Amino acid sequence: MCSCVDTGPPHAQVCSCVIPQCLQRAMQTLLHQLFHTRHPTFIVLHLLLQGLVYAEYTCEVFGYCQELEFSLPYLLLPYVLLGVNLVFFTLTCAANPGTITKANESLLLQVYKFDDVMFPKNSRCSTCDLRKPARSKHCRVCDRCVHRFDHHCVWVNNCIGAWNIRYFLIYLLTLMASAAAIAIMTAAFLLRLVAVSGLYQETYLDDLGHFQAVDTVFLIQHLFLAFPRIVFLLGFVIVLSLLLAGYLCFALYLAATNQTTNEWYKGNWTWCQHWPLVAWSLSAEPQIHQNIHSHGFWSNLQEIFLPATPSYKKKKK
Ligand SMILES: [Zn+2]
Ligand SMILES: [Zn+2]
């Protein structure tokens, strides 16, 4: 039943009036199941979208491009990138991100220094009852503490941590490259088609009965009517490439500066909480998180691709 006597934020009251409470509860349960429990829904969705994009590329763009005598290595490049991407996708999904256990907690406690701001010494995870190494975090979705925790990724249904972030970065890079390769091949096909047909030199009759030279808007409309799925595919992969390129730049920035997403988020949040103190009082000395783990660009990248593991530390002793 609808209830209009709820107290709480105005938007919550509006929601409770418009949406029945049983439906609200069902939506909350669904959102909780989707984003706070481990399940393969997003992996299936990911593979389905990838399959649809490649099916459209194979069934239409590839064939037309061959007819227009495009170079075969360029046409096959998206498939090579898909193969590499699927290998690293599987590795990211299946690899242990750095689960902290009774057996390895002592060794992992020695890997990173404690900064006593974001990562205090001698703290314990209240859920696992394990001592927390610096840079680790308990993932509520997977219900485990993860060494050098970055974030939990629903698209791979796994945490991203010290031992699988290298796979994740290559997965991200090849996913962006495959989307960009398909976008470039599809755009090249449409441009070649326009050039071969000489369409841009034609004129058309507008609504008022006047002859108009073909312009870009008319060309896009014409191509959309002639090849709707290909133009939709092009729009989708362009947007996807830009989003992935933006996220990849962010992930590479974090890797180059030796920060995790968790630390970047917490660091920015701490700064937002304390900046009025810093701005208005010179005597205030809030404890702001400092990045003490960065040791230069190459050293930071080496840490991503050659992470310290318990067995590695054992060998060094
Ligand atoms: Zn824990
Ligand atoms: Zn997780």
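The values are calculated or read from the model by the stated rules, or taken from the named source; none is laboratory data. As the structure is a prediction and not an experimental result, all values here were calculated from the model. Every residue, glycine as well, gets a Cβ built from its backbone with ideal geometry; the counts of neighbours run over all protein chains shown. Only protein heavy atoms, including side chains, enter the accessible area calculation; ligands, DNA and RNA are left aside. Shrake-Rupley method; radii C 1.70, N 1.55, O 1.52, S 1.80 Å.
Okay, here's what the table says:
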item: Output for region 116-139, where each listed residue is out of contact with any Lys or Arg (no Cβ under 9 Å at 6 or more places or on another chain) and more than 9 Å from ligand 1 (Cβ to nearest atom); result: ASP116, VAL117, LYS121
item: Any hit, region 165-185, residues being open to solvent by 50 Å² or more (accessible area, probe 1.4 Å), within 30 Å of LEU223 (Cβ to Cβ) and in a helix (DSSP H, G or I); result: yes
item: Test result for THR29, β-branched (Val, Ile, Thr) and surrounded by fewer than 12 Cβ atoms within 10 Å (Cβ to Cβ); result: yes
item: Search result, residues across region 226-260 that are without any contact (Cβ under 8 Å) to a residue 12 or more places away in the chain and open to solvent by 80 Å² or more (accessible area, probe 1.4 Å); result: PHE232, VAL239, LEU242, LEU243, CYS249, TYR253
item: Any hit, region 144-159, residues being assigned by TED's automatic domain parsing to the domain that holds THR92, assigned to a helix (DSSP H, G or I) and open to solvent by 20 Å² or more (accessible area, probe 1.4 Å); result: no
item: Condition met for LYS113 (open to solvent by 30 Å² or more (accessible area, probe 1.4 Å) and within 13 Å of ligand 2 (Cβ to nearest atom)); result: no
item: Residue pairs meeting the criteria (Cβ under 9 Å; at least 6 apart or on separate chains; first touching a residue at least 12 places away in the same chain (Cβ under 8 Å), in region 191-215; second charged (D, E, K, R) and open to solvent by less than 80 Å² (accessible area, probe 1.4 Å)); result: TYR200/ASP215
item: Tally of residues being open to solvent by less than 30 Å² (accessible area, probe 1.4 Å) and either over 29 Å from the mean Cα position of the chain (by Cα) or farther than 21 Å from HIS39 by Cβ (or both) across region 119-143; result: 7
